[in-house]
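Student: My questions will all concern the structure given below.
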Amino acid sequence: MRAASLENCLAELLPLGAGPFPPDIEAARDRLCTELVDRGVTPVLSESWADLQALNARHRESWFPLLPKPPSAPAFWIGLVDGEGEVVATYGVVLVDCAGSSFGARLMDLSALHDPGSAPADEWVFVASEGAHDAMGPVAWIVAGWIRPDWRGSGLFHRLGALTRLLALCCWPVGWVVGLVDPETVPVWRGRGVSRHRLEDRPGILYRQSGVGRLPLHFMRWSREDALLSLGIRSKQAAEAMTPV
């Protein structure tokens, strides 16, 4: 991938075919993009999950295998590209339809991870998280958070995460934005001031991923309203423009 100019970045990263959006939504996007460009990277948007999987495979020494995604699930990912055109950081997001059963239930029956009938026989998920079982309706699941080792500590991780949440809220009428956090990364979120009502203290999800092993994971979530506030979006006009329908 080649890094685009800041002007092209701002034009392309919203609205994925939707919009127009109120000024404070565009202002949040502009602020996050500018802060990232000032750190020497440019955000680029991709809807090719195969490209993300290939990138993950090339950087396996510094990046856990991706969690599975049903091929039928809508998804996109954002990469941060350096001056040499190399992707040095990513976040992805998957739309999970939890109208009929909760996000926790869809993890437990593996339908959040695989299309029906395609899950490996040795995979299973146990969910004790009340928050995961409470998350219903359309859910944006944030995945694939990675920073290349030589770029860690550069202030990219949380800014890219915020930009990813913003685009998820703009693209889809979701009521929840959620994530699964490994124990080693919990202090990174806690250090950013993420409270216990967003990130659970205990690893309430145990996932046995085929070919990887057992993964204890903490559940993290934002309601739509909470996610908007965390992005500095407070106007009634913006909230109405981004209200699930």
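Student: May I ask you to rank C171, C98 by accessible area, largest first, using a 1.4 Å probe over the protein chains only?
Tutor: Descending accessible area places them as C171, C98.
Student: I need the phi-derived Karplus couplings for region 163-170: 6.51 cos²θ - 1.76 cosθ + 1.60, θ = phi - 60°, integer Hz, Gly and Pro marked x.
Tutor: Going residue by residue, I get 5, 5, 4, 4, 5, 4, 5, 6 Hz, with x marking Gly and Pro.
Student: Something else: Determine the relative contact order of region 95-176: mean sequence separation of Cα pairs under 8 Å and six or more apart, normalised by residue count, in whole percent.
Tutor: Computed value for region 95-176: 36 percent relative contact order.
Student: Can you list, bin by bin at 10 Å, the percent of alpha carbon pairs in region 101-207, starting at 0?
Tutor: 12, 40, 36, 11, 0
Student: Looking only at T90, T34, T42, which one moves most when the chain is put into a Gaussian network model with springs between Cα atoms under 10 Å?
Tutor: T34
Student: Quick check for me: using +1 on Lys/Arg Cβ and -1 on Asp/Glu Cβ, what's the dipole size of region 24-63 about its Cα centre, in debye to the nearest 20?
Tutor: The dipole magnitude comes to about 240 debye.
Student: Using only alpha carbon positions, build the gyration tensor of region 33-88, then give the equivalent ellipsoid semi-axes as the square roots of 5 times its eigenvalues, largest first, whole angstrom.
Tutor: 22, 15, 9
Student: Show me, for region 204-217, the HN-Hα J-couplings you get by feeding each phi into the Karplus relation (A = 6.51, B = -1.76, C = 1.60, θ = phi - 60°), rounded to Hz, glycine and proline as x.
Tutor: x, 10, 10, 10, 9, 8, 4, x, 10, x, 7, 10, x, 9
Student: Averaged across orientations, what area in nm² does the convex hull of the alpha carbons in the chain project?
Tutor: Average of the hull's projected areas for the chain equals 12.5 nm².
Student: Also: Please list W49, W124 in order of solvent-accessible area, largest first, computed with a 1.4 Å probe with all protein chains present. Don't skip to the answer; put the middle values down first.
Tutor: Values: W49 30, W124 95 Å².
The ranking, largest first, comes out as W124, W49.
Student: If R0 is 41 Å, what FRET efficiency do you get for V212 and E84 from their C-beta distance, rounded to 0.05?
Tutor: Working: r = 31 Å, r/R0 = 0.75.
Efficiency for this residue pair is about 0.85.
Student: Between H59 and T34, how high is the FRET efficiency from 1/(1 + (r/R0)^6) when r is the Cβ-Cβ distance and R₀ = 30 Å? Nearest 0.05.
Tutor: 0.65
Student: Between E130 and D115, what length comes free when the chain is fully extended (0.36 nm per residue of separation minus the Cα-Cα distance, one decimal in nm)? It would help to have the intermediate numbers written out before the result.
Tutor: Values: separation 15, 0.36 × 15 = 5.40 nm, distance 2.44 nm.
That works out to 3.0 nm of additional length.
Student: Next question, about the same structure. Would you mind calculating the relative contact order of region 158-223 from Cα pairs under 8 angstrom and at least 6 residues apart, reporting the percent as a whole number?
Tutor: Details: 69 pairs, mean separation 25.0, N = 66.
The normalised contact order for region 158-223 reaches 38 percent.
Student: Among 136-147, 50-61, 210-221, how do they line up from the highest to the lowest mean number of other beta-carbon atoms within 10 Å?
Tutor: 136-147, 210-221, 50-61
The values are calculated or read from the model by the stated rules, or taken from the named source; none is laboratory data. Because the structure is a prediction, the values reported are computed rather than measured. A quick note on method: Cβ atoms are made from the backbone with ideal geometry, for glycine too, and the neighbour counts reach across all protein chains shown. Accessible surface is based on the protein model in full, side chains and every heavy atom, while ligands, DNA and RNA are left aside. Shrake-Rupley method; radii C 1.70, N 1.55, O 1.52, S 1.80 Å.
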